[in-house]
Amino acid sequence: MNRIKENIEHYLHSIAKILCRNSIFVKDDGLMHGKMGISLFLYRCARATGNDNYAKYADELLDEIFEKIFSNISLDFESGLCGIGYGIDYLIKNKYVDTGSENVLREVDKHIELAIEDENADEHLFASVAKYWLQRKDRKAFNIVVSSLSRLLLDKINTIPLAYKSWFEYEEYFEIVKELLMFDVATSALDKADIQQLFDNFIKANDYLYQTCTRWSGQYVLEKICQHFGQTLPELIPPKVFHLHPLLPPATDIRLADLLAFKDYNLQYGFEIPAEADSKIETIVNDTALTYEWIRLVLPQTMGISGNMTGFGWILLSFL
């Protein structure tokens, strides 16, 4: 175990140094692909490794975000205000920054409350806002938003038939339905009749389930949803080979893709990373040559917390 820990710390330092060196080129301020995500990782890495320089660099990134946080920014979770607010709240709750940042969060609250009153607000905005209120632990605001999201999705059930005409529209709809079901798994906050109707419709959409269950992580989250509704996950096709990068063999691609997906489930919905992931992370960090190639050549291509670089680092931190 000590050797695994040493390997993990070595890789964390490598990732942190690359992020500090290259984040100046990142234009996105958001959580999933930008500076907010990088700062979260660096704060966690500083605490885990005892290297305060990472925290100082994260402070600088956070200052840059605060300078233009309300300037012509979208509200979406990936790159916009909901994700940035989520990250700030995470940092305050975990005592990475002082509570003075609460003033910024109160302004974020006001912007978001105004946005969802807009009659043109769609299901994507409601899903982003729901994640924000879930992190803020404002159950009243969360319940209002997920109820609105549920009604929007129910209204679309008959306009997006299972014999779909547009794959993109069909996939997009059921991705939002899956998010709503995961909100209910995490909180049990939704109207039972409405959520049961959406669940039944979701399970019938076998083509979409096959697409989302090509890896263990996809099956894991759908099993959690089915268990929540007292049902067994339907039989699914075997996992497909998922190629992240041509340098890596297919077996490694699948392991890494799974781990990156579990980071998202953990961060956004509070789902625990399953114990079975231990063996996957152990085989990866013990394969020194493979992981070196991954960090040196593959990870720098994307920089956000849902990108490969900080995503892999986030998972490594979970196993220290």
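Hey, could you check the range 99-156 for residues that are open to solvent by less than 50 Å² (accessible area, probe 1.4 Å), more than 21 Å from the chain's Cα centre (by Cα) and within 17 Å of Gly80 (Cα to Cα) and say which is modelled with the highest pLDDT?
Filtering first and then ranking leaves Val104.
Pick out the one residue from Gln268, Gln301 that is under 24 Å from Gly83 (Cα atoms), of a type outside the set (A, V, I, L, M) and at pLDDT below 65.
It is Gln301.
If the requirement is being surrounded by fewer than 18 Cβ atoms within 10 Å (Cβ to Cβ), at pLDDT 90 or above, more than 19 Å from Ile315 (Cα to Cα) and more than 20 Å from the chain's Cα centre (by Cα), which of these qualifies: Asn72, Asn53?
Asn53
Grab the helices (runs of 4 or more DSSP H) fully contained in the range 1-77, keeping just those with 3 or more residues being of a type outside the set (A, V, I, L, M, F, W, C) and out of contact with any helix residue (DSSP H, G or I) (no Cβ under 6 Å at 6 or more places or on another chain).
2-22, 52-67
Return a yes/no flag: does the range 202-209 have any residue that is among the small types (Gly, Ala, Ser), surrounded by fewer than 19 Cβ atoms within 10 Å (Cβ to Cβ) and at pLDDT below 80.
No, the conditions are met nowhere in the range 202-209.
Can you name every residue in the range 56-69 that is within 24 Å of Leu134 (Cα to Cα) and open to solvent by 20 Å² or more (accessible area, probe 1.4 Å)?
Within the range 56-69, just Phe66 meets the criteria.
Could you tell me which of the residues Asp28, Asp89 is at negative phi and without any contact (Cβ under 8 Å) to a residue 60 or more places away in the chain?
Asp89
Taking Tyr96, is it touching a residue at least 24 places away in the same chain (Cβ under 8 Å) and part of a helix (DSSP H, G or I)? Show your work before the answer.
Values: touching a residue at least 24 places away in the same chain (Cβ under 8 Å): yes; part of a helix (DSSP H, G or I): no.
The answer is no for Tyr96.
Within the range 12-44, how many residues are surrounded by 22 or more Cβ atoms within 10 Å (Cβ to Cβ) and not β-branched (Val, Ile, Thr)?
Count: 18.
Of the conditions (1) farther than 14 Å from Trp314 by Cβ; (2) in contact with a Gly (Cβ under 7 Å, 6 or more places away or on another chain), Ile15 satisfies every one except a single condition; which number is it?
Result: Ile15 passes all but (1).
Name, by its number, the condition in (1) part of a helix (DSSP H, G or I); (2) open to solvent by 50 Å² or more (accessible area, probe 1.4 Å); (3) among the acidic types (Asp, Glu) that does not hold for Asp89.
Condition not satisfied by Asp89: (2).
The values are calculated or read from the model by the stated rules, or taken from the named source; none is laboratory data. As the structure is a prediction and not an experimental result, all values here were calculated from the model. Neighbour counts are summed over all protein chains in view; Cβ atoms, including those assigned to glycine, are modelled from backbone coordinates with ideal geometry. All accessible areas refer to the heavy atoms of the entire protein, side chains included, with ligands and DNA or RNA removed. Shrake-Rupley method; radii C 1.70, N 1.55, O 1.52, S 1.80 Å.
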